[in-house]
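First comes the structure, then the notes that go with it.
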Amino acid sequence: MRRTGTIHTGLRRLAWTAAAVMAAATFQAAGTGTAVAAAARPGDIVSAEPSAFRVLPGMDTATRAWKIHYRSTDANGAADVVSGTVIVPEDGRTGARPLLTYAIGTVGMGDQCAPSATLPEGGSAEAGTIAQALQHGWAVAVTDYPGLGTPGDHTYLVGRSEGTAVLDAARAAQRLPDAQAAGVTAASPVAIMGYSQGGQASAWAAELAGSYAPELDVMGTASGGVPADLVADGPSGSGDGALALMAAIGHDAAYPELDLEKYLNEEGRALAEKVRDGCVLDIVLASQGKSLDDLTEQNLLEVPAWRARLEADKLGDRAPGRPVFLYQGTADNIVSYDVAAQLRADWCARGATVQWEPVLLGDHITTALLGARPAIDWLGRRIDGQASQGNCG
């Protein structure tokens with residue numbers, strides 16, 4: 001929501017949260033005959049409704065899907081509600097089914113861009129990758145992330161809230177009765193995957209899994225094109241204006257005390273209005289040729305409060321407890337190769353098992369296309385119980 005509607009936004013959030021808590025209790029108590037509200041937990045289902053999964057418009061798939069709202073935890077540790085999608089193949093499989101919790105890449109900030117809105121229509125650029133996982137017989141949970149498909153601004157590139165949303169999507173899939181009937185249970189081995197924004201989200205999920213969701217049987221994580229250090233990579237004069245402004249809006253949504261409006265110039269305020277409601281292509285076109293410095297009165301990295309919040313998104317301070325497949329294009333024009341290589345070094349130094357896979361001459365888009373199949377195949381071996389030695393040595 002725009003800052004001019006702060007009070008209205010606050011009331012909507014309050015109403016949404018209250019309704020979510022009531023709905024969660026109702027959902028859990030349905031059919032039990034009890035009037036006692038169940039205690040809400042991260043990953044609990046708030047609502048679920050039938051949806052669909054299409055790789056291309058008009059092309060049905062042999063799957064069942066549900067749009068869900070589920071409870072999670074925001075960047076400040078408070079309860080929130082996130083939307084997402086759960087997909088299971090209709091393949092007659094019996095027994096516990098593996099589960100992939102998938103973190104989508106940058107799609108924009110308007111609710112119409114959320115995966116739960118585009119996957120049913122065959123409008124997601126990452127549907128092909130998701131289809132590969134489904135062909136393995138895995139169920140897939142896809143988070144929309146906070147504020148993308150739910151009230152408020154999308155907390156774009158706020159790592160902690162993305163990571164918890166990814167982990168809680170897996171919990172929600174395991175607690176969805178229809179998915180349980182298809183083999184998605186607490187016994188399901190879990191894999192985590194994402195590229196670009198999803199690379200950051202999946203990497204954060206890998207770092208948080210052991211402490212935040214220790215009951216999940218996480219077998220491994222595949223992360224690519226990871227913006228592991230927002231300070232080293234921008235968002236300022238050298239960064240892409242569209243993504244940098246999205247990141248600024250996202251952090252302002254997570255931490256309202258940052259007061260982004262105070263630092264935007266007239267051009268920045270006008271563009272921010274478009275960004276908040278736009279999908280990524282429109283946002284990039286609207287901000288073409290602009291850096292964040294062109295849109296602000298002061299470099300945000302020179303503001304201590306802003307710098308501290310952006311530094312808090314840095315990955316590599318914690319070692320993932322399970323193996324990680326980390327891939328990065330050597331010619332990536334969006335995420336610095338050096339930043340990704342530093343993440344690998346940091347994780348290796350902390351004793352993590354990391355399979356590091358540079359994609360020679362790969363730019364951001366090419367690496368996404370070339371890296372998806374090897375990443376899924378690597379995850380498949382982890383799900384099958386094969387050990388990974390990594391290549392840190």
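The values are calculated or read from the model by the stated rules, or taken from the named source; none is laboratory data. All of these numbers come straight from a predicted model, not from anything done at the bench. Note that we place each Cβ from the backbone using ideal geometry, even for glycine, and neighbour counts take in every protein chain shown. Note: areas computed on protein heavy atoms with side chains; ligands, DNA, RNA excluded. Shrake-Rupley method; radii C 1.70, N 1.55, O 1.52, S 1.80 Å.
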- Only residues in the stretch 44-61 that are open to solvent by less than 50 Å² (accessible area, probe 1.4 Å) count as the first member; pair them with residues that are charged (D, E, K, R) and in a loop (DSSP other than H, G, I, E, B), Cβ under 9 angstrom, at least 6 apart or cross-chain, and list the lot. 52/60; 53/60; 61/54; 61/90
- Item | the stretch 149-182, residues that are within 30 Å of residue 92 (Cα to Cα), open to solvent by 10 Å² or more (accessible area, probe 1.4 Å) and among the small types (Gly, Ala, Ser) | 181, 182
- Which ones in the stretch 322-342 are open to solvent by 10 Å² or more (accessible area, probe 1.4 Å) and in contact with a Pro (Cβ under 9 Å, 6 or more places away or on another chain)? 325, 330, 334, 336, 337, 339, 341
- Message: I'm checking my understanding of the structure. Among residues of the stretch 292-308 that are touching a residue at least 60 places away in the same chain (Cβ under 8 Å) and surrounded by 17 or more Cβ atoms within 10 Å (Cβ to Cβ), which one is farthest from residue 272 (Cα to Cα)?
- Response: 301
- Item | Set 123, 128, 95: member being within 17 Å of residue 190 (Cβ to Cβ), small (Gly, Ala, Ser) and open to solvent by 10 Å² or more (accessible area, probe 1.4 Å) | 95
- Task: Consider residue 82 carefully, then state whether it is part of a strand (DSSP E or B), over 20 Å from residue 182 (Cβ atoms) and touching a residue at least 12 places away in the same chain (Cβ under 8 Å).
- Result: yes
- Note on the structure: Within the stretch 101-142, the residues that are part of a loop (DSSP other than H, G, I, E, B) and among the polar types (S, T, N, Q) are 106, 124
- Item | Search result, residues across the stretch 353-393 that are crowded, with 17+ Cβ neighbours inside 10 Å, touching a residue at least 40 places away in the same chain (Cβ under 8 Å) and either under 17 Å from residue 200 (Cα atoms) or in contact with a helix residue (DSSP H, G or I) (Cβ under 6 Å, 6 or more places away or on another chain) (or both) | 364, 367, 368, 371, 372, 375, 376
- So which residues in the stretch 252-291 are open to solvent by less than 40 Å² (accessible area, probe 1.4 Å) and outside any helix (DSSP H, G or I), if there are any at all? 255, 263, 264, 265, 278, 279, 287, 291
- Message: Going through 352, 331, 305, 319 one at a time, which residue ends up being in a helix (DSSP H, G or I) and modelled with pLDDT of 95 or more?
- Response: 305
